[in-house]
Amino acid sequence: MKVIQWNTSRINSPMSGIRKYEDELFKNMIKIIQKEYVDIEIHRILRDENKLLGSTVVSWFLKYKCKDADLIHATSQVIAPVVYLRKPKRFIVTVHDLAPIRYPFEIRDLSERIQWIFTPKALKDVDHIIAISEFTKNELIRLIGTKEENITVIYQGVDHSLYKPLNKENCKKYFGLNPEEKHILYVASNLYHKRIDLAKAVFEEIKKYRDDIKMIKAGYSEKLEGKGIINMGWIDEKDMPKLYNSADVYLHTSEYEGFGLPILEAMACGIPVVASNKASIPEIVGNAGILIDLDDNCAQEFAESILKILDKNIKMDRKALERSMEFSWKRTAKETLKAYFIY
């Protein structure tokens, strides 16, 4: 069987959540095929590096080709509209989330607006959908009207050879942080649904009680202003495990997540997690972290939970580490290969 994966990442693009999913899926599939002699040939097509030619909408027309494939796997929902331009023999699409439908005001440019005009309808015309969480599956049923039998849930994973517990003091020093201080890590964009406003409110609450605690904001080079906040900006993938291990607590205030990969990566590093009890987050955290309902008093509840963890001076959260072991990219790849043969 010949399979082509249509990737939404550009050639040589910086690491992102979707890029990680696409790279790890392809890499681990190749390993499984070679080891187990699976009768399947897999190729991938990425978007062009050029900003104009590599835009998603232009790529619909110029980049994504079937090339006699028995199955096409679009690894992001915004590639689904290609179903109207090509006629794959079988067409599977991975849906990460439907945030632009829930939060249309977050759409930032014309290309993204066009994508989300056509994507919801196109998802009704594909052969099967892979959702990265039960939450995303339920969103597909609720917002798109997808039939439950047309969706398979396959979780994302984590590379445990990379994301693992490291010496905390050395990691803090690597980033020029004071080992005598405590650090809360917050990795997110500034999109509304990430609730960066809540993260800041939580930190303001914490500062009422202790002044030896700093907050690290990382991701997408967008800053979070305030005294005691350290903006790291974009961190290279090879340094992310060190950054997680620099933290004493990982904070995640998002109210909408298709999966929540940073949460899993923090847990794989043995970092205690305090997160919102929303969307897919409870599926990932399970009983291995503290989940807070997003109500009127939640900033104080977040702060109290974080302070309790810091007072206990937890060096490594074994429960979080053990929970993370349930997720791996090998498992993601194996379950996706199985879906190729079934659907």
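The values are calculated or read from the model by the stated rules, or taken from the named source; none is laboratory data. Everything numeric here is computed off the predicted structure, so don't read it as measured data. Cβ coordinates were reconstructed from backbone atoms using ideal geometry, including for glycine residues, and neighbour counts include every protein chain displayed.
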Item checked: Residue under evaluation ALA303, criteria (1) within 18 Å of the chain's Cα centre (by Cα); (2) assigned to a helix (DSSP H, G or I); (3) not hydroxyl-bearing (Ser, Thr, Tyr), criterion not met -> (1)
Next item on the list: Starting from the stretch 132-155, keep only residues that are without any contact (Cβ under 8 Å) to a residue 24 or more places away in the chain, then list their pairs with residues that are in a loop (DSSP other than H, G, I, E, B) and among the basic types (Lys, Arg) whose Cβ atoms are within a distance under 8 Å, requiring at least 6 positions of separation or different chains.
Entry: ILE141/LYS147
Next item on the list: Among what's in the stretch 195-229 and is touching a Gly at 6+ places or on another chain (Cβ under 9 Å) and part of a strand (DSSP E or B), pick the residue that is nearest to SER16 (Cα to Cα).
Entry: ALA218
Next item on the list: Those residues that are closer than 19 Å to ASN190 by Cα, surrounded by 19 or more Cβ atoms within 10 Å (Cβ to Cβ) and in contact with a Lys or Arg (Cβ under 6 Å, 6 or more places away or on another chain), I need them from the stretch 227-255; list them, please.
Entry: THR253, SER254
Next item on the list: Starting from the stretch 108-123, keep only residues that are closer than 19 Å to ASN150 by Cα and among the small types (Gly, Ala, Ser), then list their pairs with residues that are part of a helix (DSSP H, G or I) and at pLDDT 95 or above whose Cβ atoms are within a distance under 7 Å, requiring at least 6 positions of separation or different chains.
Entry: ALA122/ALA80; ALA122/PRO81; ALA122/VAL83; ALA122/TYR84
Note to self: Considering only the stretch 160-181, I want to know if a residue exists there that is without any contact (Cβ under 8 Å) to a residue 12 or more places away in the chain and under 30 Å from PRO100 (Cα atoms).
What the structure shows: no
Note to self: Go through (1) part of a helix (DSSP H, G or I); (2) over 28 Å from LEU166 (Cβ atoms); (3) within 16 Å of the chain's Cα centre (by Cα) for GLU255 and report which single condition fails.
What the structure shows: (1)
Note to self: Considering only residues that are in contact with a Lys or Arg (Cβ under 9 Å, 6 or more places away or on another chain), of a type in the set (D, E, K, R) and either assigned by TED's automatic domain parsing to the domain that holds ILE284 or part of a loop (DSSP other than H, G, I, E, B) (or both), which ones fall in the stretch 139-167?
What the structure shows: ASP159
Note to self: Checking the structure you have, find out if any residue of the stretch 264-284 is assigned to a loop (DSSP other than H, G, I, E, B), under 20 Å from the mean Cα position of the chain (by Cα) and surrounded by fewer than 22 Cβ atoms within 10 Å (Cβ to Cβ).
What the structure shows: yes
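Inspect the stretch 20-39 for any residue being surrounded by 15 or more Cβ atoms within 10 Å (Cβ to Cβ), of a type in the set (Lys, Arg) and not in a loop (DSSP other than H, G, I, E, B) and give the result as yes or no.
The answer is yes; a qualifying residue exists.
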Checklist line | Residues of the stretch 248-285 that turn out to be among the β-branched types (Val, Ile, Thr) and either closer than 17 Å to GLU134 by Cβ or outside the structural domain of LEU177 (by TED's automatic domain parsing) (or both), as a count | finding: 4
Next item on the list: Any residue in the stretch 1-16 that's not assigned by TED's automatic domain parsing to the domain that holds HIS73 and among the acidic types (Asp, Glu): show its pairings with residues that are assigned to a strand (DSSP E or B) and surrounded by fewer than 22 Cβ atoms within 10 Å (Cβ to Cβ) at Cβ separation under 8 Å, as long as the two are six or more apart or on different chains.
Entry: none
Item checked: the stretch 177-211, subset out of contact with any strand residue (DSSP E or B) (no Cβ under 6 Å at 6 or more places or on another chain), of a type in the set (D, E, K, R) and surrounded by fewer than 19 Cβ atoms within 10 Å (Cβ to Cβ), residue farthest from LEU307 (Cα to Cα) -> ASP197
Next item on the list: Pairs only if they're at least six apart or on different chains, beta carbon under 9 angstrom, first in the stretch 193-222 and at pLDDT below 95, second part of a helix (DSSP H, G or I) and of a type in the set (Val, Ile, Thr); list them, first residue then second.
Entry: GLU222/ILE196
